[in-house]
Amino acid sequence: MSEDHIYDECGVFGVYGNAEAARLVYLGLYALQHRGQEAAGIVSSDGVRQYRHHGMGLVGNVFDRPNLDRLEGHIAVGHVRYSTTGQSVSANCQPIAANYHGGSLALAHNGNLVNAFELRRELESNGAIFQTHMDTEILIHLIAQNRTKDLRDALLPSLKRMQGAYSMILMSEDVMIGIRDPHGLRPLVLGRVDGSWLLSSESCAFDILDGELIRELEPGEVIMINRDGLHSEKPFMTTKQHLCMFEYIYFSRPDSVVENQSVYENRKQLGRQLALERPIDGDVVIAVPDSSNVAALGYAQESGIPYEIGLIRSHYVGRTFIEPDQKIRHFGTKIKYNPVRYVLEGKRVIVVDDSIVRGTTSRKIVTMLRRAGAREIHFLSSSPPIKHSCFYGIDTPDPAELIAANMKPNEIAKAICADSVYYLSIEGLLKATGREANCCLACFSGEYKAGRPENFTKDIMEKARR
Ligand code: SF4
């Protein structure tokens, strides 16, 4: 994974029916930490009162024994955040907690609403006072402005007004609700442990609890869990699924299962497909660690070229660090990666990364490999070229900054100082993952099947958030 990368917005985790609900959520969030490192939060409920703790930083920094002990109750919902809407400040931590005429609510959201601007403007003109800059808060206001006290009756019409990507966990005093948008853009899975119900962005978080994966929520499914058990319904008109393909390429952990498919196996197939599409006479295949390890392994297995660890990634680098006064070239990249000269010297090196976004980090990595003695460098991306912005909860730069939107592969090779550059084809991506058109490819194709904000400019969105 490179620094100039695209980032997922967040991960959500919920537990219903366990005396240690908050502690289980805490562990679940640990397993989902890769989905967001800016902030973390948990809200719990004992059936009467809600308890909340959140903060900026990693799960392990935000929570300790005393604050976890204060999160009482048999239900808890948690969230790890990487911000794509709303500033990176403590007020924008999730889950959002609120009191309204029907009781108390807490909401954790993964995704992005494409009609957030219009909904927020409408709600504000009806008197709503927003506490955060997040699109997530819109659902709270839609529910609160509904006159019914019955949560289900207020929720379903509210959901029908929202467009875009949302996998959510909503909690009231004694109910936990899992919600997946009709396009099924972001994943949400249901599990069990010791008779308790679990909801999670990814199945790997069940493994840490010795929990069992029951199934994926279907696109457009709403699951309500309370003391009577689980009730499922599909209140939306049937829509074709459009799962985000970056869940397989990069976001989800390889030990997760997404839509009944092993992320590990799919990622390996991406590498195999790359080798079929772009055979190269090379000496060694290396990955840009860690998210490209499995795809690089697939390339090596298909091509018969040895797989080696040519870059070592430090796992102890936070998001901020102090650079020495004496400027070191490419300091940010160097502190994260170091090349293994023994593997690279005099070799024709095939590098596999999961994407090339702006190309700035790719160039630094290629420079680093050349300095370590690589004779040839062929840079392969296990995703197709990213040419368009994502409006569904993934932080992508403006198309003006996306290198593939502005250059051809041979020009990109020159720009990043590689001997060649190749991107997996869209057809190859579909073949490797066994999906047909039931997925989102908008950042590659520009076809936004789940809608896009009207009159969108980054400027308008930024102003809307302030
Ligand atoms: S536009 Fe790209 S990153 Fe965004 S949801 Fe679709 S496939 Fe995923």
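The values are calculated or read from the model by the stated rules, or taken from the named source; none is laboratory data. In this text, all values refer to a predicted model and were calculated from it rather than measured experimentally. Please note: Cβ atoms are built from the backbone with ideal geometry, for glycine as well, and neighbour counts cover all protein chains shown.
Against the conditions (1) over 30 Å from Ile426 (Cα atoms); (2) exposed (fewer than 15 other Cβ atoms within 10 Å of the Cβ), where does Lys240 fall short? Just the number, please.
In the conditions (1) over 30 Å from Ile426 (Cα atoms); (2) exposed (fewer than 15 other Cβ atoms within 10 Å of the Cβ), Lys240 misses (1) alone.
Only one residue in Ile386, Ile377 is within 12 Å of the ligand (Cβ to nearest atom) and modelled with pLDDT of 95 or more, so which one is that?
Ile386
Kindly indicate which of Ala205, Ala165 is under 17 Å from the mean Cα position of the chain (by Cα) and within 19 Å of Val114 (Cα to Cα).
Ala165
With the requirement that a residue be over 25 Å from Gly73 (Cβ atoms), within 16 Å of the ligand (Cβ to nearest atom) and either touching a Gly at 6+ places or on another chain (Cβ under 9 Å) or charged (D, E, K, R) (or both), what does region 185-229 give you?
Leu185, Arg186, Pro219
Considering only region 355-376, state which residues are in a loop (DSSP other than H, G, I, E, B) and over 22 Å from the mean Cα position of the chain (by Cα).
Ala372, Gly373, Ala374, Arg375
Being under 19 Å from Pro187 (Cα atoms), small (Gly, Ala, Ser) and touching a Ser or Thr at 6+ places or on another chain (Cβ under 7 Å) is true for just one of Gly111, Gly78. Which residue is that?
Only one candidate passes the filter, namely Gly111.
Output the residue which, of all residues in region 145-154 that are in contact with a helix residue (DSSP H, G or I) (Cβ under 6 Å, 6 or more places away or on another chain) and buried (at least 19 other Cβ atoms within 10 Å of the Cβ), is modelled with the lowest pLDDT.
Asn146
Testing Ala98 on (1) in a helix (DSSP H, G or I); (2) free of Cβ contacts under 8 Å to residues at least 60 places away in the same chain, one condition comes back false. Which one is that?
For Ala98, the exception is condition (1).
Considering Phe391, Phe444, which residue is assigned to a helix (DSSP H, G or I) and in contact (Cβ under 8 Å) with a residue 40 or more places away in the chain?
Phe444
Of all residues in region 236-255, which are away from the ligand (no atom under 16 Å from the Cβ) and either aliphatic (A, V, I, L, M) or at pLDDT below 95 (or both)?
Scanning region 236-255 gives Phe236, Met237, Thr238.
Residues of region 389-405 being among the acidic types (Asp, Glu) and more than 10 Å from the ligand (Cβ to nearest atom), which ones?
Asp398, Glu401, listed by residue number.
Could you identify the single residue in Ala106, Ala116, Ala91 that is in contact with an Asp or Glu (Cβ under 6 Å, 6 or more places away or on another chain) and either over 27 Å from Pro219 (Cα atoms) or not basic (Lys, Arg) (or both)?
Exactly one of Ala106, Ala116, Ala91 is in contact with an Asp or Glu (Cβ under 6 Å, 6 or more places away or on another chain) and either over 27 Å from Pro219 (Cα atoms) or not basic (Lys, Arg) (or both), namely Ala116.
Looking at Ala400, is it in contact with a Lys or Arg (Cβ under 6 Å, 6 or more places away or on another chain) and free of Cβ contacts under 8 Å to residues at least 24 places away in the same chain?
Criteria not met by Ala400.
Residue by residue, here is whether (1) crowded, with 24+ Cβ neighbours inside 10 Å; (2) in contact (Cβ under 8 Å) with a residue 12 or more places away in the chain; (3) not assigned by TED's automatic domain parsing to the domain that holds Met168 holds:
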| site | (1), (2), (3) |
| --- | --- |
| Glu216 | no, yes, no |
| Arg227 | no, yes, no |
| Leu230 | no, yes, no |
| Arg272 | no, yes, yes |
| Glu277 | no, yes, yes |
| Ile280 | no, yes, yes |
| Ala287 | yes, yes, yes |
| Asp290 | no, yes, yes |
| Ala296 | yes, yes, yes |
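Name the residues in region 394-414 that are part of a loop (DSSP other than H, G, I, E, B) and among the hydrophobic types (A, V, I, L, M, F, W, C), would you?
Scanning region 394-414 gives Leu402, Met407.
What residue, of Val258, Val317, Val294, is modelled with pLDDT under 95 and among the hydrophobic types (A, V, I, L, M, F, W, C)?
Val317
Please determine, by comparing only the residues of region 243-264 that are touching a residue at least 24 places away in the same chain (Cβ under 8 Å) and among the small types (Gly, Ala, Ser), which one is surrounded by the most Cβ atoms within 10 Å (Cβ to Cβ).
So the residue we want is Ser252.
Provide a single number: the residues in region 157-167 that are surrounded by fewer than 15 Cβ atoms within 10 Å (Cβ to Cβ) and either in a helix (DSSP H, G or I) or within 16 Å of the ligand (Cβ to nearest atom) (or both).
2
Has region 431-449 got at least one residue that is surrounded by fewer than 20 Cβ atoms within 10 Å (Cβ to Cβ), at pLDDT 95 or above, more than 28 Å from Ser167 (Cβ to Cβ) and over 20 Å from the mean Cα position of the chain (by Cα)?
no
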